[in-house]
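The values are calculated or read from the model by the stated rules, or taken from the named source; none is laboratory data. Nothing here was measured: the structure is a model prediction, and the numbers come from that model. When we count neighbours, we look across all protein chains shown, and the Cβ atoms used for this are built from the backbone with ideal geometry, even at glycine. Just the protein is used for accessible areas: all its heavy atoms, side chains included, with ligands, DNA and RNA removed. Shrake-Rupley method; radii C 1.70, N 1.55, O 1.52, S 1.80 Å.
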Amino acid sequence: MYTFFTPNTPHRDMWVEGFAEALQARDARAPPTMFQSVRAQVAMGYKSQGFQVTVAVAIFANFVVMAAEAEMKPKAGTREEWAFWVMEIVFTVFFAIELTVNAFSTLFWEFAMSGWNWFDTLVIGSAILTQTNTIEASGLVHLRLLRAFRVLRFFNRLPSLRKIIVALYASLPAMSNAMGLTFMVLAMYSVMGVSLFGELGDDARFATFSSAVFTLFQFSTGDGWSDVVRDLFEEEELSVAGTSIFFISFMIIVSIILMQVVIAVLLEEFSKISDTGKREKAHFDLHPSPVTAVLHQLDKCRNEADLRFKIEALWDKL
């Protein structure tokens, strides 16, 4: 039994008409088939918090095992190598089953529209090929490195980590502009560096454009730039004042200003996402209504497929 409070009679009539239309649409809709009912139950279990937490724990445990294997580097034929091989088999089978359940519950189109599902398919597929020695036979040995990317699936399970990914994605246009400007300035200084310092003995740091770009990028991080500059002071062909102006201006423009602009753009996107979440929470807190709890649950949906599933479940309840 549910009780709804409305501020006036027209508002009440609007709600009554809406529920009546919803009930008529439900009655007119064909009953779900057994396959649809089973798929709905599987989808509900897959999207439950308990199952998602289990998957997240498995992803983290798999990452710990891979880190331990990389640290220990067990020799071939030892018990340690056999233990790591068995654990890899267990994790691969678990993630393959999880991916199959996900594909069954969302069917083809919803599954195909998610980039995370494509990523999971690639990583798990490479793991299966690794276990069946197909990669060695085909010569694509480096595909086994994709196993290390399994931990990235952890981001889609935790809202706090997913917030970072959303902020990074939202900041790509602005960050690409800032990084493009940074690279242009870096390229300009690289061309000047090759002209000024490219003919100095056997020093290969400014011999070519590519080596100059790498050297100046290293300098922009603050790594050993002062030692290189002091070595250049010893060159008789160079002016100490001119060399100082070149590198000091580069460090101020690129390292101190432009690099900080890139970071500022990223922080701005984090701030926007945080402010949006606070405004939505304040809206729910300041405007209570009979459907506040429902809207609050819908607001927690992880993606469009999750939102559609919860709306269909609510529709069935009506």
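Before moving on, here are some points about what is shown:
- Test: Leu266 is touching a Ser or Thr at 6+ places or on another chain (Cβ under 7 Å), part of a helix (DSSP H, G or I) and open to solvent by less than 20 Å² (accessible area, probe 1.4 Å): no
- So Lys47, is it open to solvent by 90 Å² or more (accessible area, probe 1.4 Å) and either touching a helix residue (DSSP H, G or I) at 6+ places or on another chain (Cβ under 9 Å) or touching a residue at least 12 places away in the same chain (Cβ under 8 Å) (or both): no
- Among residues of region 92-108 that are over 14 Å from Trp118 (Cα atoms), those with a Cβ under 8 angstrom from a residue that is among the aliphatic types (A, V, I, L, M) and open to solvent by less than 20 Å² (accessible area, probe 1.4 Å), sequence gap 6+ or separate chain, pair up as Thr92/Ile124; Thr92/Ala127; Phe94/Ala58; Ser105/Ala43.
- Of all residues in region 6-21, exactly one satisfies the criterion of being of a type in the set (S, T, N, Q) and modelled with pLDDT of 80 or more, namely Thr9.
- In region 115-146, the residue that is modelled with the lowest pLDDT out of those that are open to solvent by 50 Å² or more (accessible area, probe 1.4 Å) and under 19 Å from Ala70 (Cβ atoms) is Val141.
- Verdict on Leu295 being surrounded by 11 or more Cβ atoms within 10 Å (Cβ to Cβ) and at pLDDT 60 or above: no
- Cβ-Cβ distances below 8 Å connect the following pairs, each with a first residue in region 63-78 that is farther than 17 Å from Val123 by Cβ and assigned to a loop (DSSP other than H, G, I, E, B), a second residue that is at pLDDT 85 or above and open to solvent by 70 Å² or more (accessible area, probe 1.4 Å), and a separation of six or more residues or different chains: Pro74/Glu80; Pro74/Glu81; Lys75/Glu81.
- Within region 228-258, the set of residues being open to solvent by less than 30 Å² (accessible area, probe 1.4 Å) and not polar (S, T, N, Q) comprises Val228, Val229, Leu232, Phe246, Phe247, Phe250, Met251, Val254, Leu258.
- Residues (of a type in the set (A, V, I, L, M), more than 22 Å from Leu266 (Cα to Cα), surrounded by 15 or more Cβ atoms within 10 Å (Cβ to Cβ) and under 35 Å from the mean Cα position of the chain (by Cα)) located in region 179-227: Ala212, Val213, Leu216
- So Gln36, is it open to solvent by 80 Å² or more (accessible area, probe 1.4 Å), within 30 Å of Val151 (Cα to Cα) and without any contact (Cβ under 8 Å) to a residue 12 or more places away in the chain: no
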